[in-house]
1. Mind listing the phi-derived Karplus ³J(HN,Hα) values for region B:229-237, rounded to whole Hz, using 6.51, -1.76 and 1.60 with θ = phi - 60°, and x for any glycine or proline?
2. Normalised by the residues of chain A, what does the relative contact order come to in percent, with Cα pairs under 8 Å and at least six apart?
3. Other chains near C:179-192: what is the mean number of their Cβ atoms within 10 Å of each residue's Cβ?
4. For a paramagnetic label modelled at 7 Å from the Cα of C:Ser133 toward its Cβ, which residues of region C:155-182 fall within the zone defined by backbone nitrogen distances under 18 Å?
5. Could you state the accessible area per residue of region C:48-93 in Å², with a 1.4 Å probe and every protein chain left in place?
6. Only bridges whose two residues both fall in the protein assembly as shown count here: according to DSSP, what percent of them are antiparallel, nearest 5?
7. Relative to the first principal axis of the alpha-carbon coordinates of chain A, what is the inclination of helix A:237-257, with its axis defined by its Cα atoms, in degrees from 0 to 90 and to the nearest 10?
8. Using R₀ = 25 Å, calculate the FRET efficiency as 1/(1 + (r/R₀)^6) where r is the Cβ-Cβ separation of A:Ile66 and A:Ser212; round to 0.05.
Amino acid sequence: MEWLNTLLQGVLLGGLYAMFAVGLSLMFGIMRLVNIAHGDFIVLASYLALMVVNHLGFSPLASLLIVVPLMFCFGYLLQRLLLNRTLGTDILPPLLVTFGLSIIVQNVLLEFFSADSQKLSQGDLEVASVGIGNLSVGVMPLIVFGSALLIIGGLQLLFYKTSLGRAFRATSDDQHTARLMGVNNAHIFGLAMALAMAVVSIAGVFLAIRTSFDPTVGPARLLYGFEAVIIGGLGSLWGTLAGGVILGVAQTLGAKIDPGWQILAGHLVFLLILVVRPRGLFPRSVD
Amino acid sequence: MNALNNPAPVYRVQRTTTSSTIGLALLGLCVLVLFSAPLWADRASLRLVVEFAYYLALAQMWNLLAGYAGMVSVGQQAFVGLGGYLLFMLATRFGIPPLFAVLLSGVLVALLAIPTALIVFRLRGAYFAIGTWVVAEVFRLGLAQMSSLGGGSGQSLPAAIVRQIGNDRDGRETLIYFTALAIAIAAVAVVFFLLRSRQGLALASIRDSEPASGSLGVDTFRTKLMVYVLAAGWTGVVGALIFLQKLRISPDAAFNLQDWTAVVIFIVIIGGIGTLEGPLIGTLIYFVLRGCLAQYGAVYMIILGVVAVVMMLKAPQGVWGLISERLGWQVFPMQRRLSIQPRP
Amino acid sequence: MLTIEKLCAGYGDFQALFDISLTLEAGETVAIIGSNGAGKSTFLRSLAGLIKNQPSAITFKGQAIGDMAANQVLERGIALVPEGRKLFPSLSVEENLLIGAYSKRPGPWTLKRIYQLFPVLETLRKRPGTALSGGQQQMVAIGRGLMANPHLLLCDEISLGLAPTTIKDIYAALPSIKADGTTVILVEQDINQALSVCDRFYCFQEGRVSLTGRPGDADKAHIKAAYFGI
């Protein structure tokens, strides 16, 4: 029973990791951009939420109403003004520019908020739990997992049922031909980054409610997101959720054996899957 | 019949130019001055030169990896950390003399890099970069679990072993000074000769197009593996030396992304990626910037990051690239020029 | 409607077109013929905004468009059916058609009318675009271009690599396209096919116009000389 409980917690934690991963997956899928600063943007969103909570008196969940639109706009501008200039056949410019951004964001946060760790408190909701059979499940982890399902479902609808989604997929296939259809790549890339940032900000707020954070915790989140994407197989959003769940379960099982093994266990499972199934568990057949 | 009257011209592949002759001479002079430095320079300056030497060696190795072989790693801190930890292990557990242990650490790191390569080579391009980072984290977290090596808080080099390096502080520092200098110069030399060899041509072709060079008979996997292992081993030697100088090691210091990879990447980008001169110029610029800004704490990393980002966008060829474009200079004779002279 | 004034275009150091000048009236169908490497595709790519030029080199409906990007050119009513069809592999047939209407330009062409023009596509509408035969893919590509409701439709080698009967089917759609007043530029290597449907033709040779006229005016020998440069 205790193990089942651990397993369930791992699955729910996977929802948070899937949220870290979705943004990466979007950016890579649509514009072949791997954003090394992804994790630092997650933490940036956590700090934005912290400011909204402290200065406007919002609850952490309510701060999403401000943080999400803010990060959406930030993402759009970042892509249009900076990252679009780095895209091309050479992988070096986007990689190194986002790497530079990662170091910049970390140190800016350090300068403004110091290295002290922070946490957002969602009051009673954090300790509330519901019983399923003999298991007791936290309400917050359920909300996080539910949000992950909603986000992925919503994106799936956007991709397959709307004109914008078609434009995303067409651009992903062949951006030059997409332009011939009247698709403005620069704008589409901006929107993709904006969407990724919107998801990032939700993940950032949930992260900040779940654990304490400081300016240096971003890179680890990038790695979790990246591992979920690769485990799931590139190009599949539901695969990404599965990747997140596998990583979450590996981490909670590792922590159960020895608390020091939590993160290490996740990394080792990732490397193992990379050796056994280099294309991930659920690769998209077309690519 | 014309050929008999007009003898065919002589073709010669020329590599040295006037600027490279002058440049190498100047560089040689600098090296001589540096080797005499312990006779006249103060302790702080010598330490600065040691630091300069190991950053130059790290930059040269990252440049070989990313700039010449197209393998952009953001996980080189793995090898710095491993080098450092292996040194501590070899010296404390097996009683191996520290200086010899520095070299042996490098060899062992190179061996460890082989299985690492087999895993991360499964990832391409930017994913390779993040994969190398995961590997570095695995080593960091793994070593933090080993309580015999001090666990998360690390350990210091025992006094008995410190005395093995040299009896007094001056003696130790002079020894480390010459070792650092030798490692940096050898790093530049090994990259130089590697690139001038057949392997260098193979590398250039892999960077331009991996499938095409594969189809032309270049064993791309072996070439990349060789470069990756060489860079890892050398980075390991530098790591061992760094922690021999620091006398203390902990997982967070040994596998520090900012110190051992971010700074190195910025150095190479600012100096000029894909050139031998770039890391040299970049390291000089880095030390000047750091000297001016270090007292501002985090602001200095922000400025360094901004400079690197702007450089990547506006002048991806780096400072040395700009200089050699404008003036046609080269310090290291790398280019091949065909000179045609009529037969006398 | 379309005026091209001393258009020079190329890729990097390589110049493919030299001082091309021509004009097009609304409703005309014009064929560009010429051998491989004559600059025909470069010409269409320039018109479609895939290659940037001097703004004044191309004037469309009184507006200089020579330096516009492909998406801006499309918004002004010029659609290209690219060489090699270039369907989007992860989109179904219907989605490939729908993305043609991404710019939401008003006009007569709707999904329904495309299916009337090429009935076979309706039965295949759920299939991935690239799972179709070459001829069917070409129909999708043409339909996708029409969905933008262009004033000017540029067709690049639409018969390339197709069986003669398939080519006939595809060319059979041309009258209904012209019936709506759509101006068409056809680039073809197949002289006979091109001359049988066009109002006027231009023959390109090594990046220059070597002959122009109406299909009835020029005799075969003349065209051959202009085509091969002999």
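1. 5, 4, 5, 5, x, 5, 4, x, 4
2. Here the relative contact order equals 37 percent.
3. On the way: counts 0, 0, 0, 0, 0, 0, 0, 0, 0, 0, 0, 0, 0, 0.
Whole-number average of other-chain Cβ neighbours for C:179-192 is 0.
4. Within reach of a label on C:Ser133, which here means backbone N under 18 Å from a point 7 Å along Cα→Cβ, region C:155-182 contributes C:158-173.
5. Here the residues of region C:48-93 average 36 Å² of exposed surface.
6. Percentage antiparallel, nearest 5: 60.
7. The answer is roughly 30 degrees.
8. Working: r = 22 Å, r/R0 = 0.87.
Here the calculated transfer efficiency is 0.70.
The values are calculated or read from the model by the stated rules, or taken from the named source; none is laboratory data. Bear in mind that the values here come from a model prediction, so they are computed numbers and not experimental data. Note: ideal-geometry Cβ built from the backbone for every residue, glycine included; neighbour counts use all protein chains shown. Ligands, DNA and RNA are stripped out before the accessible areas are found, and what is left, the full protein with its side chains, is counted by its heavy atoms. Shrake-Rupley method; radii C 1.70, N 1.55, O 1.52, S 1.80 Å.
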